[in-house]
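To start, the structure itself, in structure tokens.
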Amino acid sequence: MKIIYYIVISFSILIGAGCTGSKSYSKKARKLQEAGLNDEAAAFYLQALQRNPKNVDAKIGLKQTGQIQIERTLTDFYKAYSVSNYKEAVYKYQEALNYKRRYGYFVSVEIPPYYEAYYDEMLVVYLAERYETAGDLLYEEKFKDANLIYKEILKLDPEYKDVKELSIHSTVEPLYREGIEAFNTEKYRRCYRIMSNVLSQKPMYKEAIDYKERALEEGSITIAVLPFKTDMVKIGRYADMVQEDVVNGLIQVNDPFVKVLDRSNDKVLLDEQKTNVAQAESSNSNIKTGELLGANILIKGKLVGYHPAGGKIESFRRQGFESYQVKKVNSETKKTYYETRYKRVYYTEFEGASSVAINFQYQMVSTETGEVVKSDMVRKERSDYVNYVNYSGNYKKLYPGKFSSKGMTFAKGDEVYSSFFEQRKLRSKVRTKKTVLKSHNELSIEVLKVISKNIVDGISSYNPDEE
């Protein structure tokens, strides 16, 4: 019941605040209305009703000021109608309709019905003029200008003649021509993208499908990933891991222009032809290898740097203090109290770090020219760190510190680091569950995954159109 009570009270407060704001806006609106500022008054009355639709004073005020706005706008409309200013007449009537729609949710404001007949008369003439102008612009291949007019017509009359179709045509035709130009200049990916856009707006538009398919055929590249190498025999498996990840990553790339040859087939072909991939460094060798594999692009990689560091956890015997309470009696008040004292203790702190940095180079080689079309060096690093404490006593009463002398008896001059910060830091080391340091192999695998992704991203971002 209490919960319901508080909900009701909160809701009442919110409603009260809304009503208070509504009354405030209504008072400001009335003052503006009295000062002859009709448009400003209407705006304030509207805000008052948006805060509280039941504000009677605001309703009366908005009906008065809103009707004045409509009548004034209709006067301007009739003046334009009288001198056959079609555009001015059409948009003045639209302005009056906007007032009616805006205020109609709260109050009833009217447009005399005979004005609609005048508007329809003006609209017919104005739309015919705009339609003819747009047609001339379309004939002159000024597509952008024509499209702007078609959009205007559709706002005024969404079903006017064949404007929907012409509006689409004025949009897709310049795109279509841009796509053809891209195809003719061998920018096949750009052509494919543009024609896809054209077809999304107008299916079966002219020869867009044909250009799209031809662009895909002409621009597609077949990639063969050659075995990655390294001069460091002990970690040769790392180069193989990167190659495997790169192949799998490229297969998953959503790019219709990229086809990745199966690694096992590559190896069979290379073995059958007795091609020594390790010697495939010259342009002629690259071209020959590409011809054997049926690939446009060869991917070559090499692990050129491997730098492990650390990897051991060391232990340190630390000096510290454990607190305890001693019961005492105040000689004057005879009341008991407790005094905090410390005893010397030792605890063991463990600390270690490890890291691995790997440098990996890859190249994209054109099998048509033997040239390197893209090359990059990827350097990534990962590290790990552990720092924990073992203590056989009550760690909640353990403090770091420094003995002033030998022995285990607390002595004058001993330093107890009893600040909250020092105690919290030590306790976190006792409570931490991380006591195992990642091995160099674990860190290496993490680094290699990141390197593989970077290589895949680099290869998939290659765009022949930009050459």
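Of note:
- Among the trypsin sites (Lys or Arg not before Pro) in region 315-411, those located in a DSSP loop and surrounded by at most 11 other Cβ atoms within 10 Å of their own Cβ are 334, 335, 406.
- Each helix, a run of at least 4 DSSP H residues, gives -39500 (n - 2.57); summed and divided by the residues of the chain, these come to -18000 deg cm²/dmol at 222 nm.
- Computed from Cα atoms, the angle from the helix 263-272 axis to the main principal axis of the chain rounds to 70 degrees.
- The long axis of helix 236-252 is offset from the longest Cα principal axis of the chain by roughly 20 degrees.
- One equal scatterer on each Cα of region 333-467, no solvent, Debye formula: the resulting log10 I(q)/I(0) at q = 0.09, 0.19 Å⁻¹ is -0.55, -1.09.
- Relative to one another, the C-alpha centroids of region 348-387 and region 450-467 are positioned 16 Å apart.
- Helix 38-51 and the longest principal axis of the Cα set of the chain meet at an angle near 50°.
- Entries in 79/161; 164/206; 259/380; 87/202; 63/87 that, when Cα-Cα distance is taken, lie over 23 Å: 79/161; 259/380; 87/202; 63/87
- The equivalent ellipsoid that matches the C-alpha gyration tensor of region 135-242 spans semi-axes of 48, 15, 11 angstrom, in descending order.
- Shown here are the Rg and Dmax of the Cα trace of region 225-466, at 30.6, 105 Å.
- Applying both filters, DSSP loop and at most 16 other Cβ atoms within 10 Å, to the chymotrypsin sites (Phe, Trp or Tyr not before Pro) of region 24-110 gives 105.
- Within region 146-237, GluC sites (Glu not before Pro) in DSSP loop having at most 10 other beta-carbon neighbours inside 10 Å: 159
- Region 128-163-region 406-430 distance, computed between alpha-carbon centres (Å): 85 Å
- Over the Cα atoms of region 417-467, the radius of gyration divided by the Kirkwood radius equals 1.44; this is the Rg/Rh ratio.
- Mean separation of Cα contacts under 8 Å (6+ apart) over length of the chain, as relative contact order %: 10 percent
- Just so you know, the averaged projected area of the alpha carbon convex hull for the chain sits at 48.4 nm².
- Zone residues, region 305-327, relative to residue 402, backbone N less than 13 Å from point 7 Å out along Cα-to-Cβ: 319-320
Every number in this text was worked out from the coordinates using simple rules, so none of it is lab data. Keep in mind the model is a prediction, meaning the values are calculated, not measured. Cβ sites come from the backbone with ideal geometry, for glycine too, and all protein chains shown count toward neighbours.
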